[in-house]
1. Determine which member of the set R96, R79 is modelled with pLDDT of 80 or more, under 29 Å from the mean Cα position of the chain (by Cα) and charged (D, E, K, R).
2. Taking the conditions exactly as written (surrounded by 13 or more Cβ atoms within 10 Å (Cβ to Cβ), of a type in the set (A, V, I, L, M), free of Cβ contacts under 8 Å to residues at least 40 places away in the same chain and part of a strand (DSSP E or B)), does I7 satisfy them or not?
3. Do you know which residues across region 29-50 are surrounded by 10 or more Cβ atoms within 10 Å (Cβ to Cβ), modelled with pLDDT of 85 or more and either hydrophobic (A, V, I, L, M, F, W, C) or not in a helix (DSSP H, G or I) (or both)?
4. Could you say which residue among L32, L26 is touching a helix residue (DSSP H, G or I) at 6+ places or on another chain (Cβ under 7 Å) and under 24 Å from S61 (Cα atoms)?
5. May I ask you to verify whether S77 is farther than 30 Å from M1 by Cα and in a loop (DSSP other than H, G, I, E, B)?
6. Within the set of pairs 6 or more residues apart or between chains, which connect a residue that is at positive phi inside region 45-68 to a residue that is at pLDDT 85 or above and polar (S, T, N, Q) with Cβ atoms less than 9 Å apart?
Amino acid sequence: MIQLSNITVSFGDQDLFRDITWNVGLNERIALVGPNGAGKTTLFRIALGLQQPSAGARAFSRKMRLGYLPQEEVVLSGRSVLDEALSVFADQHAMRDEAEELSRLMAATPPDDPELPAMVERYGELHHQY
């Protein structure tokens, strides 16, 4: 179990939150939802022992297993969010494009052309991989 008792986090005169008491039981899975800047990440960091509160206490059961994926900035390399997400399929798109080009070439190639068997072989490989 993780127990937070009367947790306060302040930045100068400004309280991010005050007197929060929160218990997370063994085998519970939780999500913390709220607007940007409300202190969700700060509260999780305190619960995990990665940050100290301005006031209050944290208790932690040794039997508790914790998982935490820290927030990271997304670098888009000058691309849109959609383009960045689709970039993981770049190899598949290249295979598809090559197969489409080979299909056009094979359609325009005479059946007795000595290059045709190699094109057909490559086309088959691409479709198998794709």
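1. On the way: R79 fails: modelled with pLDDT of 80 or more.
Exactly one residue qualifies, and that residue is R96.
2. On the way: surrounded by 13 or more Cβ atoms within 10 Å (Cβ to Cβ): yes; of a type in the set (A, V, I, L, M): yes; free of Cβ contacts under 8 Å to residues at least 40 places away in the same chain: no; part of a strand (DSSP E or B): yes.
For I7, the condition - surrounded by 13 or more Cβ atoms within 10 Å (Cβ to Cβ), of a type in the set (A, V, I, L, M), free of Cβ contacts under 8 Å to residues at least 40 places away in the same chain and part of a strand (DSSP E or B) - is not met.
3. Start the filter on region 29-50 by keeping residues that are surrounded by 10 or more Cβ atoms within 10 Å (Cβ to Cβ), which leaves 30, 32, 38-50.
Adding the requirement that they be modelled with pLDDT of 85 or more leaves 38-50.
A38, G39, L43, F44, I46, A47, L48, G49, L50 - these are the residues of region 29-50 that are surrounded by 10 or more Cβ atoms within 10 Å (Cβ to Cβ), modelled with pLDDT of 85 or more and either hydrophobic (A, V, I, L, M, F, W, C) or not in a helix (DSSP H, G or I) (or both).
4. Numbers: L26 fails: touching a helix residue (DSSP H, G or I) at 6+ places or on another chain (Cβ under 7 Å).
Matching residue, one of L32, L26: L32.
5. Values: farther than 30 Å from M1 by Cα: yes; in a loop (DSSP other than H, G, I, E, B): yes.
Spelling it out, S77 is indeed farther than 30 Å from M1 by Cα and in a loop (DSSP other than H, G, I, E, B).
6. Here the result reads G56/S5; G56/N6; G56/T8; G56/T21, each pair linking region 45-68 to a residue that is at pLDDT 85 or above and polar (S, T, N, Q).
Residue-by-condition table, conditions (1) more than 30 Å from R79 (Cα to Cα); (2) surrounded by 11 or more Cβ atoms within 10 Å (Cβ to Cβ); (3) among the acidic types (D, E):
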{"position": "H93", "(1), (2), (3)": "no, yes, no"}
{"position": "D97", "(1), (2), (3)": "no, yes, yes"}
{"position": "L102", "(1), (2), (3)": "no, yes, no"}
{"position": "A108", "(1), (2), (3)": "yes, no, no"}
{"position": "D112", "(1), (2), (3)": "yes, no, yes"}
{"position": "L116", "(1), (2), (3)": "yes, yes, no"}
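The values are calculated or read from the model by the stated rules, or taken from the named source; none is laboratory data. These numbers were taken from a predicted model, which means no experiment stands behind them. Here Cβ is always computed from backbone atoms with ideal geometry, including for glycine, and neighbour counts include all displayed protein chains.
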